[in-house]
1. Does Gly49 satisfy the condition of being more than 28 Å from Ile202 (Cα to Cα) and either modelled with pLDDT of 90 or more or surrounded by fewer than 15 Cβ atoms within 10 Å (Cβ to Cβ) (or both)?
2. Keeping to region 114-144, report how many residues are without any contact (Cβ under 8 Å) to a residue 24 or more places away in the chain and either buried (at least 18 other Cβ atoms within 10 Å of the Cβ) or within 24 Å of Gly208 (Cα to Cα) (or both).
3. Taking only pairs six or more apart or across chains, which ones have beta-carbon atoms under 9 Å, a first residue in region 163-184 that is on the phi > 0 side of the Ramachandran plot, and a second residue that is surrounded by 12 or more Cβ atoms within 10 Å (Cβ to Cβ)?
4. So which residues in region 146-155 are in a helix (DSSP H, G or I) and more than 20 Å from Gly208 (Cβ to Cβ)?
5. Check Asn164, Asn196 and return the single one that is out of contact with any helix residue (DSSP H, G or I) (no Cβ under 8 Å at 6 or more places or on another chain) and part of a strand (DSSP E or B).
6. Within region 178-187, work out how many residues are under 18 Å from the mean Cα position of the chain (by Cα) and either closer than 20 Å to Asp159 by Cα or of a type in the set (Gly, Ala, Ser) (or both).
7. Looking at (1) in contact with a Phe, Trp or Tyr (Cβ under 6 Å, 6 or more places away or on another chain); (2) assigned to a strand (DSSP E or B), which one does Leu213 not meet, given that it meets all the others?
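The values are calculated or read from the model by the stated rules, or taken from the named source; none is laboratory data. Model, not experiment: these values are computed from the prediction. We place every Cβ from the backbone using ideal geometry, glycine too, and count neighbours over all the protein chains shown.
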Amino acid sequence: MASVQSIQRAFRLLQALADEPAGITELSRRVDLPTSTVARILATLEKAGAAERIDDGSTYRIGPAVRTMGAQADPGQDLYTLARPHMVDLVDQLFENVGLSIPSGYEMQYVGQVNCANPVQVRDWTGTSLPMHIVPSGLVVLAYWPDGAVNRFLGRRLDRYTVNTETRPAKIRERLAAIRRDGHVWCHEEYSEGINSVAAPIFDDGMGVVGALHCHGPSYRFPDESMR
């Protein structure tokens, strides 16, 4: 019975990490277990690759082994199947590549893309995971997170990828408020120089955000004058 209890506790911790990365104290509160128990289980999960540390070494998230299993199960593929006809329509309207991404911890996982016919294209990001604050798809998901979750996200170190990457918490909060007002956000060369992108959130029936649609293209032509 002890082994069954350990499995149940480990699964509860993984579920908590899937909701949002956290440290031992916060996880202890979420799953209602002593911090010593949480630390012991996390050590086992970390050795197995089911959990991993990020940032300062005290925050945990779902590990590569679980992410690989999740990718093999293609959790975003049902959403991609539903979204693909709309993505094709957007490609026809915008003449740029359109992709779908879903949140995974503090990152966005890119699960599918529809390419435009333009011979000069931005690469396909399918299979890639990127930090939420550097891409519009991540920002539109963050905009609908609870205040506490946003506070924890912004309380971490936010890496700068280009000179345009916004890492100031106050400015990011302003962007999140604008997203809730406008329904979309642009990022101009914030992840990579020469690439601009725009995204809007995807809501489920309960008005929870389950992913984002984004469109990206070379900065010299996207957005064009008709979109400004």
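1. Spelling it out, Gly49 is indeed more than 28 Å from Ile202 (Cα to Cα) and either modelled with pLDDT of 90 or more or surrounded by fewer than 15 Cβ atoms within 10 Å (Cβ to Cβ) (or both).
2. 1
3. Matching pairs, first to second residue: Gly183/Val140; Gly183/Ala200; Gly183/Pro201.
4. Selection gives Leu154 alone.
5. Asn196
6. Residues flagged as under 18 Å from the mean Cα position of the chain (by Cα) and either closer than 20 Å to Asp159 by Cα or of a type in the set (Gly, Ala, Ser) (or both) within region 178-187 amount to 4.
7. Against the list (1) in contact with a Phe, Trp or Tyr (Cβ under 6 Å, 6 or more places away or on another chain); (2) assigned to a strand (DSSP E or B), Leu213 comes up short only on (1).
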